[in-house]
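**Q** One structure is given below, represented as structure tokens, and several questions about it will come after.
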Amino acid sequence: MLDIIIDFFIIGTKIGLILLPLILAVAYTTYAERKIIGYMQMRVGPNRVGPKGWLQPIADVIKLLMKEVVIPSGANKGLFLLAPILFIAPSFAAWAVIPFDAELVLANSDVGLLYILAMTSIAVYGVIIAGWASNSKYALLGSLRSASQIISYEIAMGFALVGVLMASGSMNLGEIVKGQEGGFWHWYWIPLLPLLVIYWISGVAETNRAPFDLPEGESEIVAGFHVEYAGISFALFFLAEYANMILISVLTALFFFGGWLNPFQGIPFIEGITNWVPGIAWLLLKAGFFLFLMIWLRATFPRYRYDQIMRLGWKVFIPVTVVWLMILTFMIKAGVGPWFTGRGVF
Amino acid sequence: MSKLKHFFRSYTLKDLLTGLRITGKHLWRRKVTVQFPEEQTPQSPRFRGLHALRRYPNGEERCIGCKLCEAVCPAAAITIDAGPRQDDGTRRTTRYEIDMFKCIYCGFCEESCPVDSIVETRVMDYHFEQRGDNILTKAQLLAIGDKYEEQIAEDRKQDAKYR
Amino acid sequence: MTVESIVFYVFAALTVIGALGVITMRNAVQAVLCLVLTFFSAAVLWMLLEAEFLAVTLVLVYVGAVMVLFLFVVMMLDVDYASLKSGFTKYLPLGIVTALALFGAIYWVIRSEVLGDMPEPAKHSAEYSNVTVLGRLLYTDYFYAFEIAGVILLVAIVAAISLTFRGRRERRGQSVPMQHQASREERLRVVSMESGPRQDAHLRKEEEAKKKPKSKRKKKTKGDDA
């Protein structure tokens, strides 16, 4: 009995070690987003709470926690309160298989890649239930938009990941990164460039971020599926959205940009002086770049129209991925170096 | 040929990259934010902010209860009751109220006033804490006038030649 | 009592509760959600049997895609629950007979395998990969069946499309490729005009006309130079 409790305690500690920094990262991602978008619009962003506004996210959190949770009349109370939990649970659960370094991973699963796809697809339940249980037309419209968007882009995303799978020959995230060993030019982003772009755009669409933030389209349906949520229940949606953003950024770094690997591998002098940098720092650096790119996209592009989103997902992305998968097959079979050397059959 | 050109343009994401370049450049531009309480933008002497009732230099209130402002107010924000004053029998207002929630700050009351009594000051950062505080009474309006009289008089002087 | 057995009993109970919920919930949406719970707990049970790939695929396909579409349909339907229940007692005997017959059939088929003492599933070594084994089986021994299943699915897709496709609809829609082809040059003309006072322009024009009756008004037009 005792060893069971100890087991649970150890696993719980590991989970806490991933989730607490993640929540802190989410808080400061909101800060970074407001600052960066502010700067791109020639404003200064939040700068009043604490030095340079550094305490702004803390203030936001306290405000959200203190606010009342309003349950609309006619809402299905149980499901209404369950929805935020259903939304946030998968976005946290997906972090279980993320390798932060060669040995630093909570669950070294052989189906890690599929597991992540499964978790991101479960999150859609939170959205649908939130929209339905709110007893509000805007919420329902928002949830329908969001659900169809998530389902459509999941296909393109899955196809793009099939490319990664073919290139690395494994669904284990650690193995995928290890397959890219050997410096900047050995990473998969070059042979999989179209898939990288498609994966990235689908990732942005799947997290309902601008320019694909139709489900939240403030100008049309107020705030979409979470329009009726306030206080901590809204905070959970917010937290999950940003956790998903960070997840997509980290995954892009893992799949296409060599995860924790040093980009200067194989370059004689620089490799030597950058060897002391721990792998997790490289991973966070790469993920940070993609997070910045996501915010950059939001500051730049106007929102897509609904039919355009569907057209892009079904009529552009899926055909492009299928074509590139064929090209990729030939590249692998021909053993194109330096990525697929030794795997050729010709 | 143009189809081919278009094909390459759309699949290299040229348009998107152009957009990203523009916002990327703006990231480094000088910021134009005015840090409000510490810095303020210049105001015109014609600025229309919080209302005030003025007095003559001898302390006599200017308003004669002609109700022109009440009549001209497009939002019907002004309510006036008038009658002879107890001690000297001159026509004065017994009630002069402005509902600040209704007011649209058009400045018509100011324009219509024959004795420059009701004016709009430069004050624009004010708030109400209790329900009902939004209705400014005569005493409050006179107090505002007393407080900002110097500024009000200066602004009227500057604008006088255009009126 | 190991961690695994705790997990097993919790999720086995959840599976049964979910399955009961599907048939007892009054609200159709809640019933669908119970079905989702059942699938999910079943996936966890498979995971305990070291069938990781199948478990995750169950979540991905059934929970993530099929049930979402199901939920869509149920949410959009306006089901009249009272009328659904009206014939309950009338059909009850028939229902009981059917249920008993079905249960008996299932019992008859699987009693020998299930109702004895089940041996604990064999543990595999750390190198054992469910995915590899499954893939090897599918693409060697069961290759023929696998391909046939694929073709059947393809036929089903084509059939579904041909059933619902009713020819081109005559409508005025936007053609996105054509919208993309549009260029600034053919839509926009930037004209540079002489700047000047606006409010009293007409007065000045009259004055100028008095002074120089023959002078012509100048107006420059340029093409796109922005």
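The values are calculated or read from the model by the stated rules, or taken from the named source; none is laboratory data. Not measured: the values here are computed from a predicted model. Backbone-built Cβ (ideal geometry, glycine too); neighbour counts: all protein chains shown.
**Q** Return a yes/no flag: does the stretch A:17-25 have any residue that is within 30 Å of B:LYS25 (Cβ to Cβ) and either aliphatic (A, V, I, L, M) or not in a helix (DSSP H, G or I) (or both).
**A** Yes, because at least one residue in the stretch A:17-25 is within 30 Å of B:LYS25 (Cβ to Cβ) and either aliphatic (A, V, I, L, M) or not in a helix (DSSP H, G or I) (or both).
**Q** Somewhere in the stretch A:282-300, is a residue farther than 29 Å from A:ALA27 by Cβ and assigned by TED's automatic domain parsing to the domain that holds A:ARG145?
**A** no
**Q** Looking at C:VAL73, C:VAL61, C:VAL44, which one is hydrophobic (A, V, I, L, M, F, W, C) and within 11 Å of another protein chain (Cβ to nearest Cβ)? Quick ask: steps written out before the conclusion?
**A** Numbers: C:VAL73 fails: within 11 Å of another protein chain (Cβ to nearest Cβ); C:VAL44 fails: within 11 Å of another protein chain (Cβ to nearest Cβ).
None of the other options fit; the residue is C:VAL61.
**Q** Evaluate the following for C:VAL3: is it surrounded by 11 or more Cβ atoms within 10 Å (Cβ to Cβ) and within 13 Å of another protein chain (Cβ to nearest Cβ)?
**A** Judged against the criteria, C:VAL3 is a match.
**Q** Out of the residues in the stretch A:1-32 meeting the condition of being aromatic (Phe, Trp, Tyr) and either within 14 Å of chain B (Cβ to nearest Cβ) or within 18 Å of the chain's Cα centre (by Cα) (or both), tell me which one is farthest from A:ILE280 (Cα to Cα).
**A** A:TYR31
**Q** Mind telling me which of the residues C:LEU14, C:LEU20, C:LEU92 ends up being exposed (fewer than 11 other Cβ atoms within 10 Å of the Cβ), more than 14 Å from every other protein chain (Cβ to nearest Cβ) and either in a helix (DSSP H, G or I) or free of Cβ contacts under 8 Å to residues at least 24 places away in the same chain (or both)?
**A** Of the residues listed, the single one that is exposed (fewer than 11 other Cβ atoms within 10 Å of the Cβ), more than 14 Å from every other protein chain (Cβ to nearest Cβ) and either in a helix (DSSP H, G or I) or free of Cβ contacts under 8 Å to residues at least 24 places away in the same chain (or both) is C:LEU92.
**Q** Out of the residues in the stretch B:76-93 meeting the condition of being more than 14 Å from B:LEU136 (Cα to Cα) and of a type in the set (Val, Ile, Thr), tell me which one is surrounded by the most Cβ atoms within 10 Å (Cβ to Cβ).
**A** Only one residue fits best here, namely B:THR93.
**Q** Say whether the condition of being modelled with pLDDT under 90, within 14 Å of chain A (Cβ to nearest Cβ) and in contact with a Lys or Arg (Cβ under 8 Å, 6 or more places away or on another chain) is met by at least one residue in the stretch B:50-73.
**A** Checked the stretch B:50-73: no residue is modelled with pLDDT under 90, within 14 Å of chain A (Cβ to nearest Cβ) and in contact with a Lys or Arg (Cβ under 8 Å, 6 or more places away or on another chain).
**Q** In the stretch B:105-133, which residues are aliphatic (A, V, I, L, M) and in contact with a Cys (Cβ under 9 Å, 6 or more places away or on another chain)? Please lay out each step first, then the result.
**A** Initially, the stretch B:105-133 is screened for residues aliphatic (A, V, I, L, M), giving B:115, B:118-119, B:123-124.
B:VAL115, B:ILE118, B:VAL119 - these are the residues of the stretch B:105-133 that are aliphatic (A, V, I, L, M) and in contact with a Cys (Cβ under 9 Å, 6 or more places away or on another chain).
**Q** Taking the stretch A:142-192, which residues are in a loop (DSSP other than H, G, I, E, B), within 11 Å of chain C (Cβ to nearest Cβ) and crowded, with 23+ Cβ neighbours inside 10 Å?
**A** Once the filter is applied, which keeps residues that are in a loop (DSSP other than H, G, I, E, B), within 11 Å of chain C (Cβ to nearest Cβ) and crowded, with 23+ Cβ neighbours inside 10 Å, the stretch A:142-192 yields only A:MET171.
**Q** Something else now. Can you tell me which residue among A:THR300, A:THR329 is among the hydroxyl-bearing types (Ser, Thr, Tyr) and under 18 Å from A:VAL197 (Cβ atoms)?
**A** A:THR300
**Q** Residues that are surrounded by fewer than 21 Cβ atoms within 10 Å (Cβ to Cβ) and within 14 Å of chain B (Cβ to nearest Cβ): list the helices (runs of 4 or more DSSP H) wholly contained in the stretch A:237-343 that include at least 3 such residues. Give the steps one after another, and end with the answer.
**A** Values: elements: A:268-274, A:279-300, A:306-311, A:318-333.
In the stretch A:237-343, the matching helices (runs of 4 or more DSSP H) lie at A:279-300, A:318-333.
**Q** Taking only the stretch B:114-139 into account, find how many residues are within 17 Å of the chain's Cα centre (by Cα) and under 14 Å from B:CYS63 (Cα atoms).
**A** Within the stretch B:114-139, residues that are within 17 Å of the chain's Cα centre (by Cα) and under 14 Å from B:CYS63 (Cα atoms) number 4.
**Q** Turning to a different aspect of this structure: Hand me the list of helices (runs of 4 or more DSSP H) wholly inside the stretch B:1-109 holding 2 or more residues that are closer than 23 Å to B:TYR162 by Cα and within 25 Å of the chain's Cα centre (by Cα).
**A** B:68-72
**Q** As an exercise: evaluate A:LYS35 against (1) at the interface with another protein chain (Cβ under 9 Å from one of its Cβ atoms); (2) not β-branched (Val, Ile, Thr); (3) not in a loop (DSSP other than H, G, I, E, B) and give the number of the one condition it does not meet.
**A** (1)
**Q** Let me ask something else about it. Residues to consider are A:VAL69, A:VAL124; find the one that is at pLDDT below 85, in contact with a Gly (Cβ under 9 Å, 6 or more places away or on another chain), assigned to a loop (DSSP other than H, G, I, E, B) and not aromatic (Phe, Trp, Tyr).
**A** Sole residue among the options that is at pLDDT below 85, in contact with a Gly (Cβ under 9 Å, 6 or more places away or on another chain), assigned to a loop (DSSP other than H, G, I, E, B) and not aromatic (Phe, Trp, Tyr): A:VAL69.
**Q** Select, from A:GLY163, A:GLY174, A:GLY224, the only residue that is within 24 Å of B:SER10 (Cβ to Cβ) and small (Gly, Ala, Ser).
**A** A:GLY163
**Q** Let me ask something else. Quick one: would you say B:ASP116 is farther than 26 Å from B:TYR162 by Cα, modelled with pLDDT under 90 and in a loop (DSSP other than H, G, I, E, B)?
**A** no
**Q** Of everything in the stretch A:109-141 that's among the aromatic types (Phe, Trp, Tyr) and surrounded by 23 or more Cβ atoms within 10 Å (Cβ to Cβ), which residue is farthest from A:TYR229 (Cα to Cα)?
**A** Restricting to residues being among the aromatic types (Phe, Trp, Tyr) and surrounded by 23 or more Cβ atoms within 10 Å (Cβ to Cβ), the top hit is A:TYR115.
**Q** Can you spot a residue in the stretch A:225-235 that is among the aromatic types (Phe, Trp, Tyr), at pLDDT below 85 and assigned to a loop (DSSP other than H, G, I, E, B)?
**A** Checking the stretch A:225-235: not a single residue is among the aromatic types (Phe, Trp, Tyr), at pLDDT below 85 and assigned to a loop (DSSP other than H, G, I, E, B).
Every residue, every condition in (1) modelled with pLDDT of 80 or more; (2) farther than 30 Å from A:ALA139 by Cα, yes or no:
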{"position": "C:LEU77", "(1), (2)": "no, no"}
{"position": "C:THR89", "(1), (2)": "no, yes"}
{"position": "C:PRO93", "(1), (2)": "yes, yes"}
{"position": "C:THR98", "(1), (2)": "yes, yes"}
{"position": "C:LEU102", "(1), (2)": "yes, yes"}
{"position": "C:ALA105", "(1), (2)": "yes, yes"}
{"position": "C:ARG111", "(1), (2)": "no, yes"}
{"position": "C:GLY116", "(1), (2)": "no, yes"}
{"position": "C:ALA122", "(1), (2)": "no, yes"}
